[in-house]
Amino acid sequence: MPGYYRAELSAEMKITPSPGAEKSPTEQTEAAREAAGDTGLAHEAGPETVVLAGSREEVLAAMSKVIEASLDAGARTVEIKVEAEGDAPRFGEEHANRE
Amino acid sequence: MKAESAPTRERPKILPSNPGKIGESRPRADGVPKVRGEFEYSSDLRVDGMLWGATLRSPHPHANIWSIDTAEAEDMPGVYSVLTHEDVPGRKVYGMEVPDQPVLAWEHVRYEGEPIAVVAADHPETARRALEKIAVDYEILDPITDPAEALREDTPKLHLSGNVLKEVHIKHGDVEATADVVVSGEYEVGMQDQAFLDPESGMAVPDGRGGVDLFISTQWLHIDRDQIAESLDLPPEDVRLTLSGVGGAFGGREDLSMQIHSCMLALDAGRPVKMMYNREESFYGHVHRHPCKMEYEHGADREGNLVYVKARLVFDGGAYASSSNAVCLNAGTFACGPYDVPNARIDSYMLYTNNPPCGAMRGFGAVQVCFAHETQMDKLANKLGMNPVELRLKNAMKPGDKFPFGQTVPEPAPVAEILERVENMPMPEEEEIIGRDLRRLPGGVSNVTRGEGVKRGVGYAVGYKNIGFSAGFDDYSTASIALSVEDGEPIIYVHTAAAEVGQGGVTLQAQISRTELGVENVAVLPADTRIGSAGSTSASRQSYVTGGAVKMACEAVRGKVFERVREEFGDEFGGELSMEDGSVLAGNRRIVALAELLENGGIEETVVYRHKPTYPLDENGQGDAHFQFAFAAHRAVVEVDEELGLVRVVEIATAQDVGKVMNPQSLEGQIQGGVAQGLGLALLEEIQMKDGKVQNASFTDYLLPTILDMPPVRMEVLELADPDSPYGLKGVGEPPTISSTPAIVAALRDATGRELNRVPIKPEQLAGIEGEPIRRAPQPGSRGPVADDLGSEA
């Protein structure tokens, strides 16, 4: 995502609740959201989707917690899209002033 | 379905102009049409067969959504498309810094006016009626409207990771330092609106191949495009943006409003879709200036040398992030003002609430803290028994000092000089109050007295701000310059994506091109995404960054011209080559006319320009975060009617460090406009909120200064070149806004002796109705207060 601040890594996680699980679909999603929220890196990105954004280490560790919480709650599918923000060309490098 | 036709709006013909060189006053091409009402804003866009888009918004600032039923709206004749969050093909959220704002809400709404569904119909009234047919089942929740409440641990979380969006902590020197003389205070700045002229508007045209063209008024075409493409799940090249007529921005068009919605509707309906907010909707459709509460403590020795500053800043970010992170950082770094402060502890917090989202607005965090630190300096001067200007001069930062965030103050930083200039400017003549023209009384002809209660006051303030994007952001601009021959005459085509929002950037690009290449005819092409990003028209950055890109592209073209000259005429000219009057010269000798040199083909160069690097702050808030600083000082002279609480600003005097005057008329316009916006914040402008709801979403109820409120502005500018910037220029758009507000309030304090720690100042504060009451005898026929309470005045 462009902007003033670019997270080093972002992970979009879509939790698909399992209809056969003991907990209701809402409870399964809520468990994942709560785990995501506890990481301090999360915001909502859809009815069953959260995005984690932060440093590589933070996001990778947080992803595991969200997956674990989702599975524990009964969800059987978590779709993940991980995006690394490429280092923008820095000052003084290949796109430096041509003067 | 393929688009029926391209927009029928006649695009302004790109006529070459003679824009003069840099340093000359040249009227802007858009000036006369705007004054005459002939300028085509984006709300004037029209195309055959277009549909009208409309937005269903939440009437509640905080609610759960249990269901959205669009069936009845979809069945209405004339309705072509009804869309909800389920129809967003890609990412369902957007945001410049943090993508946390729903394109269309699904389970929750977090502010009044949040979009829930959009409709496209054959007539705006049909679209409006269709919105009424959409049934939304809400569970209304208590709104969290106080940032202090949002900060508490036991407050419900508005977002998954809590209510604290950003914290910046700056520790400088000894954070436990003590001092002989201490003053403290609590200050508050209300929610100001950008109040631009033309509401959010634009038109999306499907290309028939799955892509879309969007004609839009915005501040930053490429960041719009990238966010739109993500939500449409399209590659960026399939989303093409062209800037249409922008009716002002001031930060309020940096975020998306109707961009994704119009594109979704156009792609779904297969027809061009125009969206245009009305004035009330516009108040919900863009971000505002952050309200802020600030606690300050200043310590000084008995001679008036600052020893420390402590500040705690709490900003209301509203429901979504927008550019609040950067505002929080800016406010933290500028919290001490342009003074040499050896020790500082600044804590800056940005909170989510259920108020409208806040974001960029002219001054961007520096405005709020300037009001507080300048009030503190006056308070300190008063306690020390010093002249407030003398106190400021004694502590004025100078090149080589350290900012509280660790960066070295660069050349030029003429804080003392601009203060002295303002202090030494002649004062406006005092006019006898009794018997003067009523229009020159505070309140004008609304003043029902003879001016018996009118007092005069004088106040000073100085402020500063960074130019451009900071803290490691890759801030650049792209420019293309094509030099060719048409009808036997050389002509320059300038192409950038820089948004002209009324600041005069198009004229400046032409002036730079003409100066660099010595060619009379210059045509500036429409800004669009066919070329690389120019970054945002904000942060007072375009003259520097896109101006720098245009200059660099011209230099590249000039280099190619000289190569061609050397190829054809050899190397021995007996002088440096230059370009002037459509020819290449060696010294004073004309070598060849460009028309002849370029007859077999023109020259085009595209470049990317970057300013010098900046770096993020570390955990103690230290770092070389900014690349340029601009300073301005203001002196306000006011008259206050203490009986009625009415104010007349008699005069504003200002001195500003601008580096290089590129276009004197444009510069004067920026200073006048900035002062007007600062005056508005001091006296009039505030979005009134109650329980998360906007109370004054109209230009009838949101008070703006008019020409009758604007005083004469006496101005002096300093041309102290920045060694790193193109031509030595500095950004000029924001500094006039920053310190004009505290100068006016200081003058009001001088006249009334009242504290006045919150802006905008209300008449009841000046008349003493609010706060400590003035004791009065009851009027005839009124029971009034009981006699004992009135004491000797009864």
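All of the numbers you see were taken from the coordinates with simple rules; none came from a lab. Remember, predicted model here, so these are calculated numbers, not experimental data. A quick note on method: Cβ atoms are made from the backbone with ideal geometry, for glycine too, and the neighbour counts reach across all protein chains shown.
Take the alpha carbon gyration tensor of the range B:620-702, find the square roots of its eigenvalues, order them as a ≥ b ≥ c, and report rounded if a/c is under 1.5; if not, report prolate when a/b exceeds b/c, else oblate.
Numbers: a/c = 2.02, a/b = 1.34, b/c = 1.50.
Judged from the Cα gyration tensor, the range B:620-702 comes out oblate (a/c at least 1.5, b/c at or above a/b).
List residues of the range B:132-159, by number, whose backbone nitrogen lies under 18 Å from a label position 7 Å along Cα→C-beta of B:GLU86.
So the set is B:133-138.
Once you order the gyration tensor axes a ≥ b ≥ c over the Cα atoms, which shape class does the range B:629-775 get: rounded for a/c under 1.5, otherwise prolate or oblate by comparing a/b with b/c?
Cα axes put the range B:629-775 in the prolate bin.
Where in the range B:172-191 does the amide nitrogen come within less than 14 Å of the point 7 Å from the Cα of B:ASP618, taken along Cα to Cβ?
B:172-173
Using 0.36 nm per residue, how much length does the chain from B:ASN696 to B:GLU125 gain when fully extended, once their Cα-Cα distance is taken away? Walk me through the numbers on the way to the answer.
On the way: separation 571, 0.36 × 571 = 205.56 nm, distance 2.40 nm.
Answer, rounded to one decimal: 203.2 nm.
Could you sort B:718-731, B:50-63, A:55-68 so that the peptide with the highest average Cβ count within 10 Å comes first and the rest follow in order? Don't skip to the end; give the middle numbers.
Numbers: B:718-731: 18.9, B:50-63: 23.6, A:55-68: 16.5.
The most tightly packed comes first, giving B:50-63, B:718-731, A:55-68.
In debye to the nearest 20, how big a dipole does the range B:632-778 give about its Cα centre with +1 on each Lys and Arg Cβ and -1 on each Asp and Glu Cβ? List each step's numbers first, then the result.
Values: 13 positive and 22 negative charges, 41 e Å.
Magnitude of the dipole: close to 200 debye.
FRET efficiency for B:GLU580 and B:ARG36, Cβ-Cβ distance as r, R0 = 30 Å, nearest 0.05? If you can, show how the numbers build up before the last one.
Values: r = 36 Å, r/R0 = 1.19.
Calculated transfer efficiency: 0.25.
Report the relative contact order of the range B:482-610, percent, no decimals, based on alpha-carbon pairs under 8 angstrom and at least 6 residues apart. Let's see the in-between values first.
Values: 199 pairs, mean separation 39.7, N = 129.
Relative contact order for the range B:482-610 comes out at 31 percent.
Using alpha-carbon positions, what is the distance between the centroids of the range B:474-540 and the range B:87-154, in Å?
Measuring centre to centre over Cα atoms gives 38 Å.
Enter the mean number of other protein chain beta carbons within 10 Å of the beta carbon of each residue in A:34-42, as an integer.
Working: counts 2, 1, 2, 5, 3, 2, 4, 2, 5.
Going residue by residue through A:34-42 and averaging, the value is 3.
Take peptide B:92-104, look around each residue's Cβ out to 10 angstrom, count Cβ atoms belonging to other protein chains, and average those counts. Present the calculation step by step, with values, prior to reporting the outcome.
Numbers: counts 5, 8, 2, 3, 5, 8, 8, 10, 6, 1, 3, 1, 0.
Taking all residues of B:92-104 together, the mean is 5.
I'd like the distance between the alpha-carbon centres of the range B:581-624 and the range B:401-437, rounded to an integer number of Å.
Answer, in whole Å: 36.
Mean Kyte-Doolittle hydropathy of -0.5 or higher plus an axial Cα length of 30 Å or more: which whole DSSP H helices in chain B meet both? Show your work: numbers first, answer last.
Working: long enough: B:542-569 (38 Å, -0.23).
Qualifying helices, which must be both long enough and hydrophobic enough, are B:542-569.
Is the range B:482-610 best put as rounded, prolate or oblate by its Cα gyration tensor, with a ≥ b ≥ c the root eigenvalues, rounded for a/c under 1.5, and otherwise prolate when a/b is larger than b/c, oblate when not? Don't jump to the answer; show the numbers that get you there.
Numbers: a/c = 2.29, a/b = 2.03, b/c = 1.13.
It comes out prolate by the Cα gyration axes.
Using 1/(1 + (r/R0)^6) with R0 = 60 angstrom and r between the beta carbons of B:ASP154 and B:GLU429, what's the FRET efficiency to the nearest 0.05?
Working: r = 59 Å, r/R0 = 0.99.
FRET efficiency, B:ASP154 to B:GLU429: 0.50.
Which links in B:LYS379/B:LYS660; B:LYS379/B:LYS762; B:LYS690/B:LYS762; B:LYS34/B:LYS560; B:LYS92/B:LYS465; B:LYS21/B:LYS274 stretch past 28 Å when you go from one Cα to the other? It would help to have the intermediate numbers written out before the result.
Working: B:LYS379/B:LYS660 35 Å; B:LYS379/B:LYS762 21 Å; B:LYS690/B:LYS762 17 Å; B:LYS34/B:LYS560 39 Å; B:LYS92/B:LYS465 35 Å; B:LYS21/B:LYS274 39 Å.
Exceeds cut-off: B:LYS379/B:LYS660; B:LYS34/B:LYS560; B:LYS92/B:LYS465; B:LYS21/B:LYS274.
Compute the relative contact order of the range A:9-84 as a whole-number percentage, counting only Cα pairs closer than 8 Å that sit 6 or more residues apart in sequence. Don't skip to the end; give the middle numbers.
Values: 134 pairs, mean separation 38.7, N = 76.
Taking the mean separation of contacting Cα pairs over the length of the range A:9-84, I get 51 percent.
For B:156-165, what's the mean count of beta carbons from other chains sitting within 10 Å of each residue's beta carbon? All intermediate terms of the calculation are to be shown ahead of the outcome.
On the way: counts 0, 2, 0, 4, 15, 11, 4, 0, 1, 0.
Neighbouring Cβ atoms belonging to other protein chains average 4 per residue here.
Quick check: pseudo-label points 7 Å beyond the Cα along Cα→Cβ at B:ALA71 and B:ASN278, how many nm apart are they?
Spacing of the two 7 Å Cα→Cβ label points: 3.0 nm.
Sorting B:ILE116, B:ILE467 on the 10 Å Cβ count, fewest up front, what's the list? Numbers along the way, then the final one.
Values: B:ILE116 21, B:ILE467 27.
Fewest-to-most ranking of B:ILE116, B:ILE467: B:ILE116, B:ILE467.
Please give the charge dipole size of the range B:459-572, origin at the Cα centre, charges +1 on K and R Cβ atoms and -1 on D and E Cβ atoms. Round to the nearest 20 debye. Each step should come with its number before you reach the end.
Numbers: 9 positive and 15 negative charges, 121 e Å.
Once rounded to the nearest 20, the dipole reads 580 debye.
Set the Förster distance to 25 Å, then compute FRET efficiency between B:ASP207 and B:ARG46 from the Cβ-Cβ distance, nearest 0.05. Present the calculation step by step, with values, prior to reporting the outcome.
On the way: r = 19 Å, r/R0 = 0.75.
For B:ASP207 and B:ARG46, the calculated efficiency is 0.85.
Give me the one-decimal nm value for the distance between modelled label points at A:GLU57 and B:ASP301, 7 Å along each residue's Cα-to-Cβ direction.
Here the answer is 4.4 nm between the modelled labels.
For the charge dipole of the protein assembly as shown, defined by +1 on Lys and Arg C-beta atoms and -1 on Asp and Glu C-beta atoms about the Cα centroid, which residue among B:THR614, B:CYS263, A:GLN28 has the Cα displaced farthest towards the positive pole?
B:THR614
Could you order the peptides B:147-153, B:749-755 from most to least packed, using the average number of other C-beta atoms within 10 Å per residue? List each step's numbers first, then the result.
Details: B:147-153: 15.1, B:749-755: 18.1.
In decreasing order of mean packing, B:147-153, B:749-755 become B:749-755, B:147-153.
For chain B, what is the relative contact order in percent, using Cα pairs closer than 8 Å and at least 6 residues apart in sequence? Intermediate results must be reported in sequence, preceding the final value.
Working: 2011 pairs, mean separation 122.2, N = 794.
Taking the mean separation of contacting Cα pairs over the length of chain B, I get 15 percent.
Considering only C-alpha atoms, what is the centroid distance from the range B:17-39 to the range A:5-43, in Å?
Between the Cα centres of the range B:17-39 and the range A:5-43 lies a distance of 54 Å.
Mind checking the full-extension length gain between B:LYS398 and B:ASP238? Use 0.36 nm per residue of separation minus the Cα-Cα distance, one decimal, nm.
Difference between extended and current length: 52.6 nm.
So between B:ARG589 and B:ILE707, what do we pick up on full extension, going 0.36 nm a residue minus the alpha carbon distance? Numbers along the way, then the final one.
Working: separation 118, 0.36 × 118 = 42.48 nm, distance 5.23 nm.
Contour length minus the Cα-Cα distance gives 37.2 nm.
Quick check for me: using +1 on Lys/Arg Cβ and -1 on Asp/Glu Cβ, what's the dipole size of the protein assembly as shown about its Cα centre, in debye to the nearest 20? Let's see the in-between values first.
Working: 85 positive and 142 negative charges, 302 e Å.
Once rounded to the nearest 20, the dipole reads 1440 debye.
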